[in-house]
Amino acid sequence: RHLGPALAPLLAANPGLRLHLQVDDTLIDLVEQRIDLAIRFGRLPNSTWVAHRLGEMPLTVCAAPAYLAARGVPAAPAELLAHDWLRTAGGSLGAMLELHGPGGAVERLRVEARVTSNNQLSLQQMCEAGLGLAVMGDLDVEDSLKAGRLVPLLTHWRPPPLGMYALTPQRDTQPAKVRFAIEALRRAMAGVGSKMPA
C-alpha cells in the first residue's frame, strides 16, 4: 500500500522507466527470478543478497471491537494467553510473542495461533472480522485504527519493531534505476515510527 506513493515520483520523473511489482510473501531467488529489488521486513536470512536498511515498522497488538466486547479487553500481558491469535505462518502454531514495556521490562509469551497465513492483509481482514488478536504493522493498520475497525491493545507494551530492508543481488555496481528506487523508498519510509500514536 505504500510502495506506489513511494515510487510514483520516481516513475513520473522518468517516463522510460518500467516497473513490474510482484507481491509475494515467500523468499525467492532474486537472480533466478531476474528481480532487481525486493522489500523485506524482519530478520533476514543469510544470503549473498545486499541489504539496504530503509527504517523500521512499529508493531501493535490489535483486535476488533466486536471481539473485545465478546472476550474482554486484556489489561496485562499475561492475559493475552487467554485469547485467540492470528499470526503469520511459519513453524508450529505456537510462537513466542515478545513485548517491551515500561522501564525496559520485557515479557515473552508463548501464544497459540488459531489462524495462520502467509499474507498480512488476510490476517488483518480476519482480525477486523473479530476472529482474534494479531500483531500488525502500524503502517498497515493506520486507517483501520483511525476508523475504529481495530483497537490497539496494551499500548504501553509493544512488540519490537520490524526492520525494513531493500534487498538487491550482489553486484559490483547497482544499476541507476535500483539506486534511485532505494533512495525513493528511504525518503518515503523516513520517520515511519513517528506517524502512529503510541
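The values are calculated or read from the model by the stated rules, or taken from the named source; none is laboratory data. Worth saying up front: this structure is predicted, and the values here are computed from it rather than measured. When we count neighbours, we look across all protein chains shown, and the Cβ atoms used for this are built from the backbone with ideal geometry, even at glycine. For accessibility, only protein heavy atoms count, side chains too; no ligands or nucleic acids. Shrake-Rupley method; radii C 1.70, N 1.55, O 1.52, S 1.80 Å.
Against the list (1) touching a residue at least 40 places away in the same chain (Cβ under 8 Å); (2) surrounded by 14 or more Cβ atoms within 10 Å (Cβ to Cβ); (3) more than 30 Å from PRO175 (Cα to Cα); (4) touching a Gly at 6+ places or on another chain (Cβ under 6 Å), the condition ARG114 fails is (1). Pairs meeting the criteria (first residue in the range 47-64 and basic (Lys, Arg), second residue open to solvent by 20 Å² or more (accessible area, probe 1.4 Å) and in a strand (DSSP E or B), beta carbons under 6 Å, at least 6 apart or on different chains) are ARG53/TYR165.
The sole residue among PRO15, PRO5 that is open to solvent by 40 Å² or more (accessible area, probe 1.4 Å) and more than 22 Å from the chain's Cα centre (by Cα) is PRO15.
Considering the conditions (1) surrounded by 12 or more Cβ atoms within 10 Å (Cβ to Cβ); (2) modelled with pLDDT of 85 or more; (3) among the small types (Gly, Ala, Ser); (4) within 24 Å of SER144 (Cα to Cα), ALA51 is excluded by exactly one of them, (4).
A single member of GLY137, GLY132, GLY101 is surrounded by 18 or more Cβ atoms within 10 Å (Cβ to Cβ) and touching a His at 6+ places or on another chain (Cβ under 8 Å), and it is GLY132. When the strands (runs of 3 or more DSSP E) confined to the range 74-177 are screened for residues that are within 16 Å of VAL61 (Cβ to Cβ) and in contact with a strand residue (DSSP E or B) (Cβ under 8 Å, 6 or more places away or on another chain), those reaching at least 3 such residues are found at 85-88, 94-100, 106-117, 133-137.
Residue count for the range 15-53 under the criterion of being assigned to a loop (DSSP other than H, G, I, E, B), under 17 Å from ASP172 (Cα atoms) and not hydroxyl-bearing (Ser, Thr, Tyr): the result is 7. Among the residues making up the range 75-86, those that are farther than 15 Å from VAL151 by Cα and open to solvent by 40 Å² or more (accessible area, probe 1.4 Å) are ALA78, GLU79, LEU81, ALA82, ASP84. The requirement of being acidic (Asp, Glu) and open to solvent by less than 50 Å² (accessible area, probe 1.4 Å) is satisfied by GLU142.
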